[in-house]
Amino acid sequence: GKVTITSTTENSILVLNPTDDNWGGLVLQYGGSTKGMCVYNSSNISVGGESGTGTIIQAGGQTALQFSATAPYSATFYGDVTANGILKASAGDEGLCVEGGNAQIRLRADSNDWCSLNFEPDNANTSKQWTIMAHKDSPYNLYFQRTSSNTSVLTLDGTNGNATFAGTVTGTTFIGAL
């Protein structure tokens, strides 16, 4: 049956304090089968569904985060995700993948800072790294740079659309004025 615990004098209404086997907590069952747990286990708090049972975390009565019940155990956020530190994505061969209609990655810097996209293949030394960067101030250029030299090898002028190369441009066929 249903159990209701009410207390007008204690902030902690239910305290579970097991001392055996270095773990304990709340086990959720349905029809005699364990479906989920909220337990302390040897220095970690574990919350979630057992095999075949997904986990949903709600806020304001709505789903905020959902974990799938099957491998690869994906997590779906139903709103913005804010990271106040470095946001890392490790996904095998794909790395960071943005999908969907009008998928985009937006880099937005503070009012006087640069936006940059850094390429560091295989944790290579700086002689093998590249940076694409832009600043908000006129002429709104987009720069392609070797990280080791901080010299632009290609600059795209945001005002007039001109492209400036730091070295020789070679090719077999050119169309238009040179």
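Structural descriptor for the chain: relative contact order 7 percent, calculated from alpha carbon pairs under 8 angstrom and at least 6 residues apart.
Relative contact order of the range 25-91, taken over Cα pairs closer than 8 Å and 6 or more residues apart, is 16 percent. Between ASN141 and HIS135, GLY158, the built amide H atoms are under 5 Å apart, and every one of these is 5 or more places off in sequence or on another chain. Evaluating 6.51 cos²θ - 1.76 cosθ + 1.60 at θ = phi - 60° for every residue in the range 10-26, the Karplus couplings come out as 10, 6, 8, 6, 10, 10, 10, 9, x, 10, 10, 6, 6, 7, x, x, 9 Hz, glycine and proline recorded as x.
The amide H of LEU65, built 1.01 Å from its N in the peptide plane, has ILE57, TYR78 as neighbours under 5 Å, considering only residues 5 or more places off or on other chains. Relative contact order of the range 101-178, taken over Cα pairs closer than 8 Å and 6 or more residues apart, is 17 percent.
The chain: percent of C-alpha pairs farther apart than 28 Å? Of the Cα pairs, 56 percent sit more than 28 Å apart. For the chain, with all protein chains in place and a probe radius of 1.4 Å, 49% of the accessible heavy-atom surface sits on carbon or sulfur. Relative to the current alpha-carbon distance between LEU117 and ILE86, full extension at 0.36 nm per residue lengthens the span by 9.8 nm. Normalised radius of gyration for the range 1-58, please: alpha carbon Rg relative to 2.2 N^0.38 Å, two decimal places. Ratio of Rg to 2.2 N^0.38 Å for the range 1-58: 1.32.
The values are calculated or read from the model by the stated rules, or taken from the named source; none is laboratory data. These numbers were taken from a predicted model, which means no experiment stands behind them. Ligands, DNA and RNA are excluded from the accessible area calculation, which covers all protein heavy atoms including side chains. Shrake-Rupley method; radii C 1.70, N 1.55, O 1.52, S 1.80 Å.
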